[in-house]
Amino acid sequence: MIQRSALLAFISIMASACTPAHDNPAEPKAAHTEEAGLLQFHTQRLRSDEIVDFRAYADKTLLVVNTASRCGFTPQFKELEALYQKYKDNGLAVVGFPSNDFRQEHAEAEAIANVCYVNYGVTFDMVAESSVRGSAANSLFKRLTVATGAAPAWNFNKYLITPDGSVRHFDSATQPLGGELEAAIARALESA
């Protein structure tokens, strides 16, 4: 039987593994976190019974994006797919999180899938719809918010997680190609 004090010590150690350590307070939107704790997450793939275990991305440069099908930023799917195709062989993974937190997502998984897969030709991973902000947010987005100090303020926020455990937030207006996000991905892939 496990003693209560040993159990409390174990819980304390596990909780501290999920607490981010900010390396540079001058950059509030970038953080360094324990990636194993951050990636302790699993969810269902969009329109599937298959489970996506985020620990499988631990050795990848991972871009996590909250998406919506009926948003002015929805055309970013095209550039996100182009970004994925350009860098996937170098270790980039992209995961889209459909969310209706801003009332711009379809209620049915089939309709979401049609927008992603048919309209925009998305081949990167898309997971089942979930909340990404506030107390109802899924646990991955809660940890991303803590790690970066930036909750999604709208659809198509982007969180870049590198294999060394650093996490950086990019807002909705940040274009996937040709700017600071692509440059950060290229740097992360070069140093991996």
What full-extension length gain, to one decimal in nm, is calculated for ASP164 and ALA82 as 0.36 nm per residue of separation minus the Cα-Cα distance?
27.1 nm
Rounded, prolate or oblate: which fits the stretch 43-149, taking a ≥ b ≥ c as square roots of the Cα gyration tensor eigenvalues, rounded meaning a/c under 1.5, else prolate when a/b beats b/c?
rounded
What order, most packed first, do the peptides 137-143, 83-89 have when packing is the mean number of other Cβ atoms within 10 Å of each residue?
137-143, 83-89
Pull up the DSSP beta bridges for the stretch 27-191 and report the antiparallel fraction as a percent, rounded to 5.
60
Any lysines whose Cα falls less than 25 Å from that of LYS142, other than same-chain ones fewer than 8 residues away, would be LYS29, LYS60, LYS158
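Since every read-out is calculated from the coordinates, none of them should be taken as a lab result. Here the structure is a predicted model, which means the values were calculated and not measured. Glycine also receives a Cβ, built like all others from the backbone with ideal geometry; neighbour counts cover every protein chain displayed.
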